[in-house]
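Here's the structure, in structure tokens; my notes come after.
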Amino acid sequence: MTTTTPEATGTPEAAIADARERIDALDDRIIGLIQERMAVSAVVQQTRIASGGRRVHLSREMEILGRYRDALGKPGTGLAMTLLELCRGRI
Ligand SMILES: O=C(O)C(=O)C[C@]1(C(=O)O)C=C[C@@H](O)C=C1
């Protein structure tokens with residue numbers, strides 16, 4: 001945790017340090033959620049492969065890309081592609 005001196009309270013430096021602490025905490029949570037997503041995705045992929053299917057399910061990926069694009073615009077598509085690569089590897 002970043003410490004601020006009493007004199008720094010209410011300064012731009014203190015506001016930035018405080019916001020950065022919140023960003024770091026959010027990033028920790030986002031990374032944890034991504035790791036959780038990877039584990040859940042692995043279960044789906046392993047189950048499908050064990051029952052004779054393929055690792056990749058393209059129509060499902062299109063749905064996911066669309067959801068991220070609708071929520072976040074064009075960069076959302078790139079983010080979803082990165083997430084999918086983390087979860088199922090490169091295709
Ligand atoms: O939903 C599935 O069918 C999955 O296998 C999960 C997942 C994903 O990580 O979202 C991974 C690989 C597939 O190509 C599609 C989606």
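The values are calculated or read from the model by the stated rules, or taken from the named source; none is laboratory data. Just so it is clear, the model here is predicted, and its values are computed rather than measured. So basically every Cβ, Gly included, is an ideal-geometry build from the backbone, and we count neighbours across all protein chains shown. Note: areas computed on protein heavy atoms with side chains; ligands, DNA, RNA excluded. Shrake-Rupley method; radii C 1.70, N 1.55, O 1.52, S 1.80 Å.
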Taking segment 71-91 and the residues there that are touching a residue at least 40 places away in the same chain (Cβ under 8 Å) and open to solvent by less than 80 Å² (accessible area, probe 1.4 Å), the one that is farthest from the ligand (Cβ to nearest atom) would be 83
Checking residue 69 against (1) at pLDDT below 95; (2) touching a helix residue (DSSP H, G or I) at 6+ places or on another chain (Cβ under 6 Å), the condition it does not meet: (1)
What's the number of the condition residue 39 fails, among (1) away from the ligand (no atom under 11 Å from the Cβ); (2) open to solvent by 40 Å² or more (accessible area, probe 1.4 Å)? (1)
I want to confirm something. Restricting to segment 50-61 and keeping residues that are surrounded by 10 or more Cβ atoms within 10 Å (Cβ to Cβ) and of a type outside the set (Asp, Glu), which single residue is farthest from the ligand (Cβ to nearest atom)? 53
